């Protein structure tokens, strides 16, 4: 297999399927999220918030968030802020820094009046709420009777070619050799925020109290078995998800679900591949019922426009959708489909393969 200046390629299955790893990285941990299962309950968001960002300058941080698409996302209009790499993937393209208002501010609710003083008012913010995570929840797009939306969970992508790492003049951001997780060395960070503007997904945050940058750490203590039970666990956003929409493993584990869905069957796609950071969080694109006429008859037209899905996931989303559609048809005919088995399994040993490499 070929090797480039900024990464290496190997062939774990021996079948010509290329798996691209960053230079100096032994293995790359990754995640696949099935958007057809996400119900927007925000359990993953709360699990992450209570574990990692419940105070100390982190009130506005959501290392995991679930936003409605089409929508502005979190922070607001993050897709328009720039960052990532140029078309050749060689030169970094710095983006813009968001205003604090684009993240929103914590709101004070009338808990005291409603819960302890007997007020008949509904529970609501005491001051005017201007913006916050998923502020445009469930709005979506389209017109009745063919309006549509879907939920998009987002964490740090722990990219193969992370522009945040390249942006830092102090080398405070780095990829771990053993699993490719991108971390911030808090002792080296000086809070310049070049990493914040460099990440096109806006998943690096600035802690104004500590004067350092912070971000999703892929729950690496759980992966290392450092929890109270001494067992290896997937990130809490994955294990706490009620519909179990996340699969976790290694790109170069040829028997694992990540390798099969991403490299073998190619049904899991990257979010905004045009940023050229090569994310290691992948998505099973969403399906929806067909469009309907005003009289309620089904039409031979897709409800979620393919061109919008291409804007999000690139042109590869078309073949991914076609493949999944074929595999679903196989199951309907009573035939076997490894793709559908992987996407519908409830066996945690199949969902999370994190102990295959020593």
Run down 228, 290, 286 and say which single residue is touching a strand residue (DSSP E or B) at 6+ places or on another chain (Cβ under 9 Å), on the phi < 0 side of the Ramachandran plot, modelled with pLDDT under 95 and assigned to a loop (DSSP other than H, G, I, E, B).
290
Looking at the structure I just gave you, is residue 195 in contact (Cβ under 8 Å) with a residue 12 or more places away in the chain, in contact with a strand residue (DSSP E or B) (Cβ under 7 Å, 6 or more places away or on another chain) and outside any loop (DSSP other than H, G, I, E, B)?
yes
Please report, ordered by residue number, the helices (runs of 4 or more DSSP H) entirely within region 76-168 with at least 1 residues that are within 29 Å of residue 243 (Cβ to Cβ).
100-103
Working carefully through the options 73, 55, find the one that is within 14 Å of residue 201 (Cα to Cα) and part of a loop (DSSP other than H, G, I, E, B).
73
When only residues in region 218-234 that are buried (at least 20 other Cβ atoms within 10 Å of the Cβ) and in contact with a helix residue (DSSP H, G or I) (Cβ under 8 Å, 6 or more places away or on another chain) count, which is farthest from residue 350 (Cα to Cα)?
219
State all residues of region 312-327 that are assigned to a helix (DSSP H, G or I) and surrounded by fewer than 15 Cβ atoms within 10 Å (Cβ to Cβ); if no residue qualifies, say none.
319, 322, 323, 325, 326
Note on region 58-70: residues assigned to a loop (DSSP other than H, G, I, E, B) and either on the phi > 0 side of the Ramachandran plot or touching a helix residue (DSSP H, G or I) at 6+ places or on another chain (Cβ under 9 Å) (or both) are 58, 60, 61, 62, 63, 64, 70
Filter region 92-133 for residues that are touching a strand residue (DSSP E or B) at 6+ places or on another chain (Cβ under 7 Å) and closer than 30 Å to residue 273 by Cβ; which is surrounded by the fewest Cβ atoms within 10 Å (Cβ to Cβ)?
93
Answer residue from region 235-251, given it is in contact with a helix residue (DSSP H, G or I) (Cβ under 7 Å, 6 or more places away or on another chain) and part of a loop (DSSP other than H, G, I, E, B) and is surrounded by the fewest Cβ atoms within 10 Å (Cβ to Cβ) among those
242
Region 100-157, residues that are at positive phi and without any contact (Cβ under 8 Å) to a residue 24 or more places away in the chain
118
Could you check, for region 256-269, whether at least one of its residues is assigned to a loop (DSSP other than H, G, I, E, B), more than 29 Å from residue 140 (Cβ to Cβ) and at pLDDT 95 or above?
yes
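The values are calculated or read from the model by the stated rules, or taken from the named source; none is laboratory data. This structure is a prediction, so every number in the text was calculated from the model and none was measured. Methodologically, a virtual Cβ is constructed for each residue, glycine included, from the backbone with ideal geometry; neighbour enumeration extends over all protein chains shown.
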